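Below is one structure, written out as structure tokens, with a few remarks after it.
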């Protein structure tokens, strides 16, 4: 994929598991295990209607754990994008890390490699971008990449993440109950 000539300055990076869909300790291995969280589809629709570009940034070690093939993951992501699109929202792209923590890659959150890859692909102005996630890794990734705002949602690992972030003295700009509330805040701070 080539580099876009148009600079994107209203980008919202979204973690997947625990933000868009219900997370699972057993991982999401097929479409039947993928369940949208309440408000997530409507939240992405509101981002789309208000001129934001949504890009998913996700750790998917399920690949290197040999639990899912690249084709399986592509199918899950195609179904997710189609479901969101049929409800009025658009996911522009999905960047994922297939590695396990011990692989020490540069793309696994909290490292900013996935966001940098998206930035290079779409010429994104990171200083005006927002990251929404449910884990400490997501907030740290936003900070490491130089995103303008980092939002923590409570729908996944939010409570545990708050504790971890406080210990590291890293604080999200906003804590939301879910993606829909996070989107309301993003729209409010952008419009005002």
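What follows is calculated from the coordinates using simple rules that are stated; it is not laboratory data. Quick caveat, the model's predicted, so the values are computed rather than measured. Heads up, the Cβs are rebuilt from the backbone with ideal geometry, glycines too, and the neighbour counts pull from every protein chain shown.
Would you mind getting me the FRET efficiency between residue 103 and residue 83? Use the beta-carbon distance for r and R0 = 25 Å, nearest 0.05. Between residue 103 and residue 83 the formula returns 0.25.
Kindly identify segment 51-150 as rounded, prolate or oblate by the Cα gyration tensor criterion: order the square roots of the eigenvalues as a ≥ b ≥ c, call it rounded if a/c is under 1.5, otherwise compare a/b with b/c, prolate if a/b is larger, else oblate. Don't skip to the answer; put the middle values down first.
Values: a/c = 1.93, a/b = 1.05, b/c = 1.85.
It comes out oblate by the Cα gyration axes.
Taking 7 Å steps out from each Cα toward its Cβ at residue 30 and residue 190 produces label points 3.7 nm apart.
Given the alternatives [x] 1.21; [y] 0.93; [z] 0.97, Rg/Rh (Cα atoms, Kirkwood Rh) as computed for this entry is given by [y]. The C-alpha atoms of segment 1-79 occupy a region whose extents along the principal axes are 37, 33, 18 Å, arranged from largest to smallest. Once the Cα-Cα distance is subtracted from the 0.36 nm per residue extended length, the residue 49 to residue 93 segment shows a gain of 14.1 nm.
Counted residue by residue at 0.36 nm each, then reduced by the alpha carbon distance between them, the extension gain from residue 128 to residue 167 reaches 11.3 nm. Annotation: peptides 80-90, 62-72, ranked by per-residue average of other Cβ atoms within 10 Å with the highest first, follow the order 80-90, 62-72. Largest mean-square fluctuation among 106, 134, 178, in a Gaussian network model of the chain whose springs join Cα atoms under 10 Å apart, belongs to 106.
Taking a ≥ b ≥ c as the square roots of the eigenvalues of the alpha-carbon gyration tensor, segment 93-179 is classed oblate because a/c is 1.5 or more while a/b is no larger than b/c.
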